[in-house]
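Input: a single structure, listed below in structure tokens.
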Amino acid sequence: RKEVEQDPGPFNVPEGATVAFNCTYSNSASQSFFWYRQDCRKEPKLLMSVYSSGNEDGRFTAQLNRASQYISLLIRDSKLSDSATYLCVVNKGTGRRALTFGSGTRLQVQP
Amino acid sequence: NAGVTQTPKFQVLKTGQSMTLQCAQDMNHNSMYWYRQDPGMGLRLIYYSASEGTTDKGEVPNGYNVSRLNKREFSLRLESAAPSQTSVYFCASSSEGQVQPQHFGDGTRLSIL
């Protein structure tokens, strides 16, 4: 089983739609969780951290379920510019460098 | 607005050749990282440097060496390139106290024939 698993997609949604991605992780000792965004053939960019109580940044909401070991990202009112691959990132709980990146979920927002 | 700068952006090597990928950041970050990204896989950490003068192995260090030349610069060297090292390489940096890399370079697309 992969340490971090994501549905690769693609998720094809119309503009204005709400879309949610899930990510599961295998290490119960993980303590830090993040979502990154990566455009085609570009570098990853940090989108947001994920906090235990859940957190929101504009149209983006991240949730963490420790009991079930999954993280979610909800995007409301999708824009064409949201089209990208979303990477789930989890630390191994053993040190600063010990991060595991998921292989990403691709989102395509259509006009 | 430079952030993290990587050179070169593209490179083709023959098996057995050596080369150094350069990375520099201008954000006064302490930590720097080298990752590789392969199709269908997440980014994998090759080497990490928590601060000037220190380096640590990541998940996939074999076949690579690194040098933290100063606070700004962190280079990655392939001593004898192999086709399995064909990949996209990203350098990243983060500030003190941050677990996650905050800024990535544009990447180097490396092909080994």
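The values are calculated or read from the model by the stated rules, or taken from the named source; none is laboratory data. Small disclaimer: the values here were computed from a predicted structure and weren't measured. With ideal geometry, Cβ positions are generated from the backbone for all residues, glycine too; neighbour counts draw on all protein chains shown.
Summed over segment A:49-76, residues that are under 15 Å from residue A:104 (Cα atoms) and modelled with pLDDT under 95 total 1. Of everything in segment A:1-31 that is of a type in the set (Gly, Ala, Ser) and touching a residue at least 60 places away in the same chain (Cβ under 8 Å), the residue that is surrounded by the most Cβ atoms within 10 Å (Cβ to Cβ) is A:30. Would you pick out the residues in segment B:29-54 that are within 15 Å of the chain's Cα centre (by Cα), more than 9 Å from every other protein chain (Cβ to nearest Cβ) and over 18 Å from residue B:98 (Cα atoms)? Result: B:36, B:38, B:46. Anything in segment B:96-113 that is crowded, with 16+ Cβ neighbours inside 10 Å and either hydroxyl-bearing (Ser, Thr, Tyr) or not in a strand (DSSP E or B) (or both)? List them, or say none. Result: B:98, B:99, B:100, B:101, B:102, B:105, B:106, B:107, B:108. Of all residues in segment B:42-75, those satisfying the criterion of being of a type in the set (S, T, N, Q) and outside any loop (DSSP other than H, G, I, E, B) are B:49, B:65, B:67, B:75.
The residue that is modelled with the lowest pLDDT, among those in segment B:1-40 that are under 13 Å from residue B:89 (Cα atoms) and outside any strand (DSSP E or B), is B:39. Taking segment A:39-111 as the region of interest, the strands (runs of 3 or more DSSP E) fully inside it that hold 3 or more residues being touching a Pro at 6+ places or on another chain (Cβ under 8 Å) and more than 14 Å from chain B (Cβ to nearest Cβ) are A:105-110.
Yes or no, residue by residue, for (1) touching a residue at least 40 places away in the same chain (Cβ under 8 Å); (2) surrounded by fewer than 14 Cβ atoms within 10 Å (Cβ to Cβ); (3) closer than 28 Å to residue A:4 by Cα:
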{"residue": "B:26", "(1), (2), (3)": "yes, yes, no"}
{"residue": "B:45", "(1), (2), (3)": "no, no, yes"}
{"residue": "B:52", "(1), (2), (3)": "no, no, no"}
{"residue": "B:62", "(1), (2), (3)": "no, yes, yes"}
{"residue": "B:88", "(1), (2), (3)": "yes, no, yes"}
{"residue": "B:94", "(1), (2), (3)": "yes, no, yes"}
